[in-house]
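Read through the structure below, which is laid out as structure tokens, and then see the notes.
The values are calculated or read from the model by the stated rules, or taken from the named source; none is laboratory data. None of these values were measured; they are calculated from a predicted model. Cβ sites come from the backbone with ideal geometry, for glycine too, and all protein chains shown count toward neighbours. Please note that ligands, DNA and RNA were not included when accessible areas were found on the heavy atoms of the full protein model with its side chains. Shrake-Rupley method; radii C 1.70, N 1.55, O 1.52, S 1.80 Å.
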Amino acid sequence: MSAETNQSVAYSIWAADNVVYGPVELPSLISWVKDERVLADTWVFDGQNDRWRKAATLPELSLFFRKKGDGGVGAALHLGHADITPGMLRRVKALAELSDEQLGRFVNFMEAQPVRQWSQIVKQGDPDDGMYLVLDGELRVRLMIGGKETILATLGPGECFGEIALFDQGPRSADVLANKDSILLKISSEAFDKLRREAPELSAPILFAISKTLAARIRADNKRIKDSVNFARAAGH
């Protein structure tokens, strides 16, 4: 199981009152844009790229600042029983810079999964069979330890989990459940292999984004291990 955690991408906002707010994750930033607390020319610190940029120039936010009539939102893409707009797909960082035409091709390899609140999406120990993208709603990643629930992460729109399944079909290492009604997109390992063969120009940015996420997670884990060792050594003295 791989899940986006609080150690993923963080953003800070230089507000009109010259106060820096944050760091916050992408779902919170998107809600601030919708509430017009963050405007097109608001300076946002992009933690992943380590630089300040105007909000409208961030690929993951640019959709929200496009004017009506210029193709900003685009037509809904029909997938199963779900209507998925390009804007919903662009909440996922790996898809943020794809065109509407590319997104339309991409969803042909996807399986839409509307899930009800409290539903279990994956179960610890089951074989990895694909990666999930969270388009809407909220999920939690948990472990059951001694009969008690331990929350590892909370996932919102724009986040994903199960990336390792695209490389290694090992067992899931945690449960994932829906905190509220959600819309997910699943790409199975088999479908991603087909995508990689038939549309490498679509799979390449996704693989690149996954590699960056995994690298950041490994660095964060290494830091936690180092901090734990240093704390144990200090306590030993």
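Counting only residues that are within 19 Å of Gly47 (Cα to Cα), over 13 Å from the mean Cα position of the chain (by Cα) and among the β-branched types (Val, Ile, Thr), the range 202-229 holds 1 of them. Here's a check for you: in the range 127-157, which residue that is in contact with a Leu (Cβ under 9 Å, 6 or more places away or on another chain) and of a type in the set (D, E, K, R) is farthest from Ile187 (Cα to Cα)? So the residue we want is Glu149. Scoring Glu60 on the criteria (1) touching a residue at least 24 places away in the same chain (Cβ under 8 Å); (2) over 15 Å from the mean Cα position of the chain (by Cα) leaves a single failure, condition (2). Each residue in the range 143-173 was checked for being surrounded by fewer than 17 Cβ atoms within 10 Å (Cβ to Cβ) and not aliphatic (A, V, I, L, M), and 11 of them qualify. For the range 113-129, a residue qualifies if it is assigned to a strand (DSSP E or B) and not hydrophobic (A, V, I, L, M, F, W, C), and the qualifying residues are Gln113, Pro114, Gln120, Pro127.
Can you find even one residue in the range 169-182 that is farther than 27 Å from Glu60 by Cβ and of a type in the set (S, T, N, Q)? Checking the range 169-182: at least one residue is farther than 27 Å from Glu60 by Cβ and of a type in the set (S, T, N, Q). Each residue in the range 85-112 was checked for being open to solvent by less than 40 Å² (accessible area, probe 1.4 Å) and either part of a strand (DSSP E or B) or hydrophobic (A, V, I, L, M, F, W, C) (or both), and 13 of them qualify. When the range 206-237 is filtered for residues that are among the polar types (S, T, N, Q) and surrounded by 11 or more Cβ atoms within 10 Å (Cβ to Cβ), the ones remaining, listed by number, are Ser211, Thr213. In the range 191-205 there is at least one residue that is among the basic types (Lys, Arg), open to solvent by 60 Å² or more (accessible area, probe 1.4 Å), in a helix (DSSP H, G or I) and under 27 Å from Gln48 (Cβ atoms).
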